[in-house]
Amino acid sequence: MSQGIRLAFDSEGVDWAEAASIFERAPLGTREPDKFERTCRNSDLVCFAWDGDVLVGLARALSDGEVQSVIYDLCTLPEYQGRGLGTRIMEAMMEKLGTPNVVLWSVPGKEGFYARLGFKPMLTAMARMEDPEASAARGYIRL
Ligand SMILES: CC(C)(COP(=O)(O)OP(=O)(O)OC[C@H]1O[C@@H](n2cnc3c(N)ncnc32)[C@H](O)[C@@H]1OP(=O)(O)O)[C@@H](O)C(=O)NCCC(=O)NCCS
């Protein structure tokens, strides 16, 4: 279980290189620490999971505070996966966001994790991506 792990909804004490390393270890791609810090500071909600002074998971979201939110970058360290932490982060984020609608882009193959939390596949989602070919190769869009 993820008891004993503290969820913080601010960036207090975050080492951004350590945060970026969670993406690589999870794995969920790579993040440049300075850029990831800016994306977090520009987000409406962040969630950092701490086991003592070790950062073990994170997520962030954009929200209009009324109707729509988008959750990004959920990841937990491999040794903490399958212990309920991802679910706890998601449920805490959705409660804090408080919007009736929440969307996200699942990593291909992780849809089942979100389905357990009540998410349904979107049938008309459209995305304009920086590198459409790379996004298509990773299974996020159809060209
Ligand atoms: C996805 C992730 C955040 C989930 O966090 P977690 O702490 O492992 O999740 P939890 O322990 O809360 O929940 C896991 C549950 O979801 C289930 N689950 C996990 N992946 C699943 C999948 N692809 N399909 C169906 N169920 C899945 C597990 O079987 C487990 O069920 P159980 O509680 O009955 O044993 C974590 O595994 C992770 O960081 N993965 C790598 C990065 C990533 O893919 N992030 C998602 C970005 S969209």
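Solvent-accessible area assigned to carbon and sulfur over the chain amounts to 49 percent, based on a 1.4 Å probe. Near Val56, the amide H atoms lying under 5 Å from its own belong to Ala49, Trp50, Asp51; only residues 5 or more places off or on other chains count, and H is placed 1.01 Å from N. Determine how large the accessible area of Leu62 is when every protein chain is in place; take a 1.4 Å probe and give Å² rounded to the nearest 10. Ignoring ligands and nucleic acids, Leu62 comes out at about 60 Å². For a modelled paramagnetic label at Leu28, 7 Å from Cα along Cα-to-Cβ, the residues of region 71-85 in reach, with backbone nitrogen under 12 Å, are 71-78.
Treating r as the C-beta distance of Asp51 and Ala134 and R0 as 30 Å, the FRET efficiency rounds to 0.35.
Hydrodynamic radius of the chain by the Kirkwood approach over all distinct alpha-carbon pairs: 15.9 Å.
A 1.4 Å probe run over region 6-104, with the rest of the protein chains in place, finds 50 Å² accessible per residue.
Dividing the summed -39500 (n - 2.57) terms of all DSSP H runs of n ≥ 4 by the residue count of the chain sets its mean residue ellipticity at 222 nm at -8500 deg cm²/dmol. Considering only alpha-carbon pairs that sit under 8 angstrom and 6 or more positions apart, the relative contact order computed for region 6-104 is 26 percent.
A simple rule links phi to the HN-Hα coupling: the Karplus curve 6.51 cos²θ - 1.76 cosθ + 1.60 with θ = phi - 60°, which for region 118-124 gives x, 7, 10, x, 8, 9, 10 Hz, with x for Gly and Pro.
Calculated FRET efficiency, Arg41 and Met126, Cβ-Cβ r, R0 35 Å, to nearest 0.05? Once rounded, the FRET efficiency stands at 0.80. Computed with a 1.4 Å probe over protein heavy atoms only, the accessible area of Lys96 comes to about 120 Å².
The values are calculated or read from the model by the stated rules, or taken from the named source; none is laboratory data. From a predicted model like this one, the values you see are computed outputs, not experimental measurements. Glycine gets a Cβ as well: all are built from the backbone with ideal geometry, and neighbour counts include every protein chain shown. Side chains are part of the model used for accessible areas, which takes the heavy atoms of the whole protein and leaves out ligands, DNA and RNA. Shrake-Rupley method; radii C 1.70, N 1.55, O 1.52, S 1.80 Å.
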